[in-house]
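Inspection log for the structure reproduced underneath, given as structure tokens.
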Amino acid sequence: MSAERSTRVRFFLAFWLFVLSGVAFLDRTNISIAGLQILHEYGLNNQKLGWIFSAFLVGYAGFQIPAGILSAKYGPRAVLAFGVTWWCVATALTATLPSTLSHALLLFICIRFMLGAGEAVVYPAANQFVARWIPQQERGFVNGLIFAGVGAGSGLTPPLLTWLIVDYGWRSAFWFSTGVGFIAALVWWIFARDTPEQHLGVSRRERQEIREGISYANVSPSMAGTAPRISLRAIVTRGDLAALMMGYFSFGYIAWVYFSWFFLYMAQVRHFDMHASARYAMLPFLCMTVFSLVGGWSSDRLSRRFSLRVGRCYLASAAMLLTGAFLVFGSHVASPALAGIILAVGAGSLYMSQSSFWSVSVDIAGASSGVFSSFVNMGGQFGGALTASLTPWIAQRFGWTSSFAAAAGMAVLGGVCWLMVHPERALVTAEPEHELA
């Protein structure tokens, strides 16, 4: 009898999480590309547009913990499918707002809050998938792949949506995003399952590879595919959770300078036309895609060769410190083209650390990683909400170099926070009476 063929279903599902990650960032960054038209049509200014950006992030951050709990309880398949459908509805509602509304700003804020609440499930659910499907030695790369979708989705957004907006109006960009999201959700629902044991396409050999590579201090390999026990006490009393949340707050602050303001910065400050701004606005996100994959691969390699602390923490710390240097240097360069390139490399350097935030959540929390990572991600989104409104305020009063200097300071803070994290010390679950089912 021939040996059973080993399947690679986990990599296809990880790739589709890359697609969903890209769709999520297509839907959350499309408004920054349409921002110039929205400002004109509704009589808004940069500060009010910043409030709209912040509304998304407040909704996104506020629903992180519920998203983590739901992902652990109901599984990543159903939670992700529902979440994508929810945020597609919100995207469609944005396109239906008429320009004659007297309270358009308030409605924009409410819809973007709704969009943020729907997108809150994406990465806690993805991390729950990683905890159940991905062996420890592959987590860095898989998380790098998932978050490469951030760069891919955001990088394709400027030229594609600019073309749609110029030829068909800004609303067409939101209808396009809605259609893509519904298709991605349907494919995920059809092919995804919550555990390898539930997926008929997973071979016995692949299932064994997954089980042998999943090692939690609080869950045995034979139990890793079942619904995990979630101990909120063990999570919130974890000593380095605060450092991870603060580090991701810094990460989110810097990332949303690019997601919210980089396109407008190139147009308004560096004086590129809309098409040139779109081309240069691609660069940070292309760098994010490449550096996210490189960072995930490097994290796994360094973790195997040295230790989890070296592969996850020291790599991420160095990447964030390097980000700060690029932000300061790029914002002071006189040449607009060179500034765009240097700042884009800074975005890539930032995303060298992205995989570590999520891989370390699984390393620490194991089967409770969906909830643990939701706390970490909540910190990142509050950082993003702050930059969405604070960045234009600083720029208006002190100049854009000061806005980038503030982001560089956050990068240094994030680099220091990583030195306080210990992924080699796994989370210990509390006694049953302290658990949340």
Cut-off 10 angstrom, C-alpha nodes, Gaussian network model of the chain. Which of 360, 371, 180 fluctuates the most? 180
Accessible area per residue for region 231-385 in Å², computed with a 1.4 Å probe and the full protein assembly in place, what is it? 31
Within the accessible area of region 164-214 (1.4 Å probe), percent carbon and sulfur: 63
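Would you mind calculating the relative contact order of the chain from Cα pairs under 8 angstrom and at least 6 residues apart, reporting the percent as a whole number?
On the way: 837 pairs, mean separation 117.3, N = 437.
The value is 27 percent.
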Would you mind working out the magnitude of the charge dipole of the chain relative to its Cα centre, with +1 at each Lys and Arg C-beta and -1 at each Asp and Glu C-beta, to the nearest 20 Debye? 400
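Run the helix sum for the chain: -39,500 (n - 2.57) per DSSP H stretch of 4+ residues, divided by residue count, reported at 222 nm to the nearest 500 deg cm²/dmol.
Helices in the chain give a 222 nm mean residue ellipticity of -25000 deg cm²/dmol.
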May I ask you to give the percent of accessible area on region 63-113 that is carbon plus sulfur, with a probe radius of 1.4 Å? 78
Select from 162, 96, 178 the residue whose mean-square fluctuation is largest in a Gaussian network model of the chain (Cα-Cα springs shorter than 10 Å). 96
Mind checking which of 144, 330, 247 has the largest fluctuation in a GNM of the chain, springs on alpha carbons under 10 Å? 330
Shape verdict for region 112-174, please, from the Cα gyration tensor: rounded (a/c under 1.5), prolate (a/b greater than b/c) or oblate. oblate
Is any helix in the chain, taking whole DSSP H runs, at least 30 angstrom long along its axis by alpha carbon and on average at least 1.0 on the Kyte-Doolittle scale, and which ones? 9-33, 170-191
Counting heavy atoms of the protein chains only and a 1.4 Å probe, report the per residue accessible area for region 54-110 as a whole number of Å². 39
Could you tally the net charge around residue 136, taking each other residue with its Cβ under 15 Å from the Cβ of residue 136, Lys/Arg +1 and Asp/Glu -1? +4
At a 1.4 Å probe radius, carbon and sulfur cover how many percent of the accessible area of region 281-437? 72
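First select every other residue whose beta carbon is under 14 angstrom from the beta carbon of residue 281; then total the charges, Lys and Arg +1, Asp and Glu -1.
Net local charge, residue 281 excluded: +1.
The values are calculated or read from the model by the stated rules, or taken from the named source; none is laboratory data. For clarity, every value in this text was computed on a predicted model and none was experimentally measured. Here Cβ is always computed from backbone atoms with ideal geometry, including for glycine, and neighbour counts include all displayed protein chains. For accessibility, only protein heavy atoms count, side chains too; no ligands or nucleic acids. Shrake-Rupley method; radii C 1.70, N 1.55, O 1.52, S 1.80 Å.
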